[in-house]
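The values are calculated or read from the model by the stated rules, or taken from the named source; none is laboratory data. Just so you know, these numbers come straight off a predicted model, no measurement behind them. Using ideal geometry, Cβ is built from the backbone for each residue, glycine included, and neighbour counts are taken over all protein chains shown. The accessibility values were calculated without ligands, DNA or RNA, using every heavy atom of the protein model including side chains. Shrake-Rupley method; radii C 1.70, N 1.55, O 1.52, S 1.80 Å.
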Amino acid sequence: MAGPSMQIPPWRTNDAGEQRRVGVELEFAGIDLITAARAVCDTYGGTIAWHDAHSILISGTDFGQFEVELDSDFAHPSARNPTEGDLMARTAAIARAAIGDVIEHWMPREIVTPPMPLDALPTLDDLCGRLRNLGAVGTDASWRYAFSVQLNPEVPSLACDSVLRVFRSFLVLSDWLRAVTARSMLRRALPFAQPFPRNYVGAVLAAGYWPDWPEFIHDYLTANPTRNRDLDLCPLMAHVDEARVRAYLDDPRIKSRPTFHYRLPDSRIEDPSWSVITEWNRWVAVERLAADPEALAERTATYVRYFIDAPESDWVQEMSIWLERHPGVLVSE
């Protein structure tokens, strides 16, 4: 069965005029790390090396280094390369490996790709097909599973007003995005990738809100002192001003990078009809709305005036109808 056609975002290049890149994080269960690593090599080439007891690196691909690991900080040594005489580091590594042995039966495996050029993104569906044929499963395989996919599209520009337009567009579309992606009731119930507070959404969508980076970072982290948002801007803000971000939220898990960190609530890798490209195309809808100032202004004003305090389902229905009438934003799946 042919997969969906990949949609191209309105901004294909970054500030340097280079093709934008996208990193992907894919969670699953059903197969062990080495089997998953071999599937990565079958798709992209490269060589396998164990990084620690529950983490594999695949180097030498055309795109850079892939990681295949147990998705838990508790399973990996805090000191990645302890020296032979570093007894405490070696003891910690042994202890974390043992923890990984215990939790690996219910924690997801994860493949983390390097930043890949936009035109290479369809190869992720090839990888998912290989993983599925080997027995990999996602959220729908068990009520216990609440796995995710995370897209990390490089920002087209680091200008604050450019980032803010995309962020506003995401806030307008976020209720609809959750409705069409989060099929798992467990995933909806878990405290993962939570939406932004409505009072903060209203402040960002106010017509006169055009902050510079210091003000934007202050407002964002004052209202959201957490990574737990469906569009996590902490990595991007750390790339812009890491010291300022650390002053508000000194979380070692925040990795500086010039990307939006879009955290989808479901990974349905066992479903042949599910596709990374489908999820990517929904992200492109966010960028297309952001690139249409008149449409974004109209949708923003309608949401703030009539729907911000209404049930989420009302706005989902409104946006579903609007998207059907504006097929240039969301291409039919």
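See the values below:
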| quantity | calculated |
| --- | --- |
| Single match in ASP86, ASP119, ASP101 (criterion: exposed (fewer than 15 other Cβ atoms within 10 Å of the Cβ), in contact with a strand residue (DSSP E or B) (Cβ under 8 Å, 6 or more places away or on another chain) and either over 22 Å from THR181 (Cβ atoms) or at pLDDT below 95 (or both)) | ASP119 |
| Single unsatisfied condition, ALA182 versus (1) modelled with pLDDT of 95 or more; (2) closer than 19 Å to TYR262 by Cα | (1) |
| Among residues of segment 194-211, those that are more than 28 Å from THR181 (Cα to Cα) and either open to solvent by 50 Å² or more (accessible area, probe 1.4 Å) or of a type in the set (A, V, I, L, M) (or both), counted | 3 |
| Matching option when the condition is at pLDDT 95 or above and open to solvent by 50 Å² or more (accessible area, probe 1.4 Å), among PRO214, PRO235, PRO191 | PRO214 |
| Helices (runs of 4 or more DSSP H) wholly inside segment 263-333 that include at least 3 residues being at pLDDT 95 or above, over 22 Å from the mean Cα position of the chain (by Cα) and more than 18 Å from GLN7 (Cβ to Cβ) | 293-302, 312-325 |
| Failed criterion for GLY135 (all others in (1) open to solvent by less than 40 Å² (accessible area, probe 1.4 Å); (2) out of contact with any strand residue (DSSP E or B) (no Cβ under 7 Å at 6 or more places or on another chain); (3) closer than 23 Å to ASP232 by Cβ; (4) at pLDDT 95 or above hold) | (3) |
| Unique match (being open to solvent by less than 60 Å² (accessible area, probe 1.4 Å) and modelled with pLDDT under 95) among ALA39, ALA2, ALA29, ALA49 | ALA29 |
| Given (1) touching a residue at least 40 places away in the same chain (Cβ under 8 Å); (2) open to solvent by 10 Å² or more (accessible area, probe 1.4 Å); (3) more than 23 Å from TRP315 (Cα to Cα); (4) of a type in the set (Val, Ile, Thr), index of the condition THR226 fails | (1) |
| Residue list for segment 298-333, restricted to those being open to solvent by less than 60 Å² (accessible area, probe 1.4 Å) and either without any contact (Cβ under 8 Å) to a residue 40 or more places away in the chain or at positive phi (or both) | THR302, PHE307, ALA310, GLU318, TRP322 |
| Residues being of a type outside the set (A, V, I, L, M, F, W, C) and surrounded by 12 or more Cβ atoms within 10 Å (Cβ to Cβ) - total across segment 287-297 | 3 |
| Scan of segment 240-254 for residues that are among the basic types (Lys, Arg) and without any contact (Cβ under 8 Å) to a residue 24 or more places away in the chain, ordered by number | ARG246 |
| Yes/no for ASP62 being among the acidic types (Asp, Glu) and farther than 21 Å from MET116 by Cα | no |
